Structures are given as C-alpha cells and as structure tokens.
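Here's the structure, in structure tokens; my notes come after.
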Amino acid sequence: MAAPTIEDLTAKVFEILRDEILSAGSDFSARSNLIDAGLDSLAVTQLMLSIEELTDVWLDESLLTAESLESAETLATLIHERLAEA
C-alpha cells in the first residue's frame, strides 16, 4: 500500500483535531495555530494516539516541538517524514 500524501495526512490530522480534540470555531483551518486553538498536553496525547491508530507511527515526544505543532499542516509534514523513514 502506498504511503499517504502530505495532503491526505493534513486532511486527516485536521479532521481529528476539528472533530475529536479541539472545540475550535468555524475559522479553524489546517493552517491555524494549534496552541492558540486550545491544544494542551492532554490533547496532544489524545492526538498522538489517534495518529498512531491511523498510521501505525508513534511520534516520539522529542519530535513534538512548537514548530511541529504549529498547525495541522506542520504536524502532517512530520508524520509524512516519519512514514518515509519506516
């Protein structure tokens, strides 16, 4: 099976954030800042579990920086890179 594209991962990460984790307003997008949207340490844990279920990739906590958690797009890029390494 081919690895998902960055666009596919971005859409899925955004969907998880929007539908399951954050109570963000209608202006929330894949480029919205996740910390500003309410992402906290508990939400990060929930997000990482959802991503692992989706991709079978566990992101080490050391990879979860302010830069990688800036938006659904930046997080999807990190996930895509980890999938390429697998």
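Of the conditions (1) out of contact with any Ser or Thr (no Cβ under 7 Å at 6 or more places or on another chain); (2) of a type in the set (S, T, N, Q); (3) in a helix (DSSP H, G or I), residue 74 satisfies every one except a single condition; which number is it?
Failing condition for residue 74: (1).
Suppose we keep only residues that are hydrophobic (A, V, I, L, M, F, W, C), assigned to a helix (DSSP H, G or I) and within 12 Å of residue 79 (Cα to Cα) within the range 1-23. Which one would you say is nearest to the chain's Cα centre (by Cα)? Steps first, answer last, please.
Residues of the range 1-23 that are hydrophobic (A, V, I, L, M, F, W, C), as a first pass: 1-3, 6, 9, 11, 13-14, 16-17, 21-22.
Then drop every residue that is not assigned to a helix (DSSP H, G or I), which leaves 6, 9, 11, 13-14, 16-17, 21.
Keeping just the survivors that are within 12 Å of residue 79 (Cα to Cα) gives 6, 9, 13.
Details: 6: 11, 9: 8, 13: 4 Å.
Only one residue fits best here, namely 13.
So is residue 24 modelled with pLDDT of 90 or more and surrounded by 14 or more Cβ atoms within 10 Å (Cβ to Cβ) or not?
Numbers: modelled with pLDDT of 90 or more: no; surrounded by 14 or more Cβ atoms within 10 Å (Cβ to Cβ): yes.
So residue 24 fails the test.
Go over the candidates 61, 53, 70 one by one and state the one that is of a type in the set (D, E, K, R) and within 18 Å of residue 3 (Cβ to Cβ).
Values: 61 fails: within 18 Å of residue 3 (Cβ to Cβ); 70 fails: within 18 Å of residue 3 (Cβ to Cβ).
Testing whether each residue is of a type in the set (D, E, K, R) and within 18 Å of residue 3 (Cβ to Cβ) leaves just 53.
Would it be correct to say that residue 30 is part of a helix (DSSP H, G or I), touching a residue at least 12 places away in the same chain (Cβ under 8 Å) and either among the aliphatic types (A, V, I, L, M) or surrounded by 12 or more Cβ atoms within 10 Å (Cβ to Cβ) (or both)? Even if it seems obvious, please write down each step before you answer.
Working: part of a helix (DSSP H, G or I): no; touching a residue at least 12 places away in the same chain (Cβ under 8 Å): yes; either among the aliphatic types (A, V, I, L, M) or surrounded by 12 or more Cβ atoms within 10 Å (Cβ to Cβ) (or both): yes.
Considered against the rule, which asks whether it is part of a helix (DSSP H, G or I), touching a residue at least 12 places away in the same chain (Cβ under 8 Å) and either among the aliphatic types (A, V, I, L, M) or surrounded by 12 or more Cβ atoms within 10 Å (Cβ to Cβ) (or both), residue 30 comes out as no.
Only residues that are charged (D, E, K, R) and surrounded by 12 or more Cβ atoms within 10 Å (Cβ to Cβ): list them for the range 41-65, please.
Pass one, the range 41-65, residues charged (D, E, K, R): 52-53, 56, 60-61.
Matches in the range 41-65: 52 only.
The values are calculated or read from the model by the stated rules, or taken from the named source; none is laboratory data. Owing to the predicted nature of the structure, the values given are computational and were not obtained by experimental measurement. Backbone-built Cβ (ideal geometry, glycine too); neighbour counts: all protein chains shown.
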